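Q: Can you read through this structure? Questions will come right after.
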Amino acid sequence: MIRNLNQDDFQNWSDLYKAYANFYKVPMNAKILDTLWTWIHDKNHVVNGVCFDLEGKIVGIAHYRAMPRPIKGQYMGFLDDLFVEPDYRGQKIAQKFIEHLKSLSKANNWYGIRWITHSSNKNAKKLYDKIANNTGFDLYELKEN
């Protein structure tokens with residue numbers, strides 16, 4: 001079952017988010033976890049968090065937000081993070097998260113849903129290529145030093 005994250009989910013959520021960061025080889029620390037957790041539970045912040053709860057155990061998490069799509073003059077949903085515990089992959093949990101976002105898109109009159117994944121994430125790309133269109137855009141990031 002997909003549901004919103006609640007305050008009692010912190011430990012399970014943080015374990016999954018650390019595994020997600022590890023998958024992408026991104027350093028993770030308590031400050032980042034605390035900041036994101038605060039954003040998820042702040043009604044005035046744009047980041048939302050949901051989880052896949054399987055009989056009281058969280059086995060997947062997703063973070064999303066609404067974002068403007070200026071060229072269309074509309075909002076759309078943006079999926080920031082999606083992670084399913086490795087032992088539970090192959091059970092269509094990621095696809096269920098995407099379907100959930102699709103229903104939120106309809107309910108909120110968004111233009112659609114967007115997300116990115118690393119080109120090396122072959123398993124995710126197999127699913128994404130089946131259910132969505134690859135836009136063909138490359139992602140660039142300018143970092144401040």
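Q: If you go through region 122-145, how many residues are within 21 Å of residue 72 (Cβ to Cβ), open to solvent by 100 Å² or more (accessible area, probe 1.4 Å) and among the polar types (S, T, N, Q)?
A: Going through region 122-145 one residue at a time, the tally reaches 2.
Q: Of the residues 4, 12, 48, only one is modelled with pLDDT of 95 or more, farther than 20 Å from residue 104 by Cβ and of a type outside the set (A, V, I, L, M, F, W, C); which? Working first, answer last.
A: Values: 4 fails: farther than 20 Å from residue 104 by Cβ; 48 fails: farther than 20 Å from residue 104 by Cβ.
Going through 4, 12, 48 in turn, just one is modelled with pLDDT of 95 or more, farther than 20 Å from residue 104 by Cβ and of a type outside the set (A, V, I, L, M, F, W, C): 12.
Q: Specify which of the listed residues (111, 88) is free of Cβ contacts under 8 Å to residues at least 60 places away in the same chain, closer than 21 Å to residue 23 by Cβ, surrounded by 12 or more Cβ atoms within 10 Å (Cβ to Cβ) and out of contact with any His (no Cβ under 7 Å at 6 or more places or on another chain).
A: Working: 111 fails: closer than 21 Å to residue 23 by Cβ.
Residue meeting the stated conditions: 88.
Q: May I ask you to list the residues in region 20-40 that are surrounded by fewer than 15 Cβ atoms within 10 Å (Cβ to Cβ) and touching a residue at least 40 places away in the same chain (Cβ under 8 Å)?
A: Within region 20-40, 23, 24 qualify.
Q: List every residue pair whose Cβ atoms sit under 8 Å apart, with the two residues 6 or more apart in sequence or on different chains, where the first one lies in region 41-53 and is touching a residue at least 40 places away in the same chain (Cβ under 8 Å) and the second, anywhere, is surrounded by fewer than 16 Cβ atoms within 10 Å (Cβ to Cβ) and aliphatic (A, V, I, L, M).
A: Final answer for the pair search is 52/1; 53/1.
Q: If only one of 119, 103 is open to solvent by less than 100 Å² (accessible area, probe 1.4 Å), within 18 Å of residue 66 (Cβ to Cβ), free of Cβ contacts under 8 Å to residues at least 24 places away in the same chain and not aliphatic (A, V, I, L, M), which one is it?
A: Working: 119 fails: within 18 Å of residue 66 (Cβ to Cβ).
So the residue among 119, 103 that is open to solvent by less than 100 Å² (accessible area, probe 1.4 Å), within 18 Å of residue 66 (Cβ to Cβ), free of Cβ contacts under 8 Å to residues at least 24 places away in the same chain and not aliphatic (A, V, I, L, M) is 103.
The values are calculated or read from the model by the stated rules, or taken from the named source; none is laboratory data. Owing to the predicted nature of the structure, the values given are computational and were not obtained by experimental measurement. Counting neighbours? That spans all protein chains shown, and the Cβs are built from the backbone with ideal geometry, glycine included. Remember, those area values only see protein heavy atoms, side chains included, never the ligands or the DNA or RNA. Shrake-Rupley method; radii C 1.70, N 1.55, O 1.52, S 1.80 Å.
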